[in-house]
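All remarks here apply to the structure that follows.
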Amino acid sequence: MTTISQTAGQPLSPPSSGGFLRSLVNGASALLDFLERRAAVKTLNELDDRALRDIGITRSQIEDAVYGQVKAELTRYL
């Protein structure tokens with residue numbers, strides 16, 4: 001016969017494990033997002049000024065556009 005040595009109402013696993021896993025997933029997601037945005041900035045920096053002008057940004061606006069800080073003058077092109 002098997003006996004259960006758990007008191008009723010107590011969880012089987014420590015309550016902090018879910019928070020730790022959630023934090024780990026959130027951290028991995030943030031890292032992937034950062035790497036993706038960094039790659040986008042690098043790709044846009046490799047374009048010439050004419051190509052950037054064609055998509056409606058200048059070289060000084062690349063990071064603002066990639067990181068979502070669109071200025072009012074850019075919104076008319078979107």
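For region 47-57, the set of residues classified as open to solvent by less than 70 Å² (accessible area, probe 1.4 Å) and at pLDDT 95 or above consists of Leu47, Ala51, Leu52, listed by residue number.
Just one residue in the set Leu44, Leu31 is touching a helix residue (DSSP H, G or I) at 6+ places or on another chain (Cβ under 9 Å) and either modelled with pLDDT of 95 or more or open to solvent by 80 Å² or more (accessible area, probe 1.4 Å) (or both); that residue is Leu44.
The values are calculated or read from the model by the stated rules, or taken from the named source; none is laboratory data. Not measured: the values here are computed from a predicted model. Positions of Cβ are backbone-derived with ideal geometry, glycine not excepted, and every protein chain shown enters the neighbour counts. Areas reflect the complete protein model, heavy atoms only, side chains present, ligands, DNA and RNA absent. Shrake-Rupley method; radii C 1.70, N 1.55, O 1.52, S 1.80 Å.
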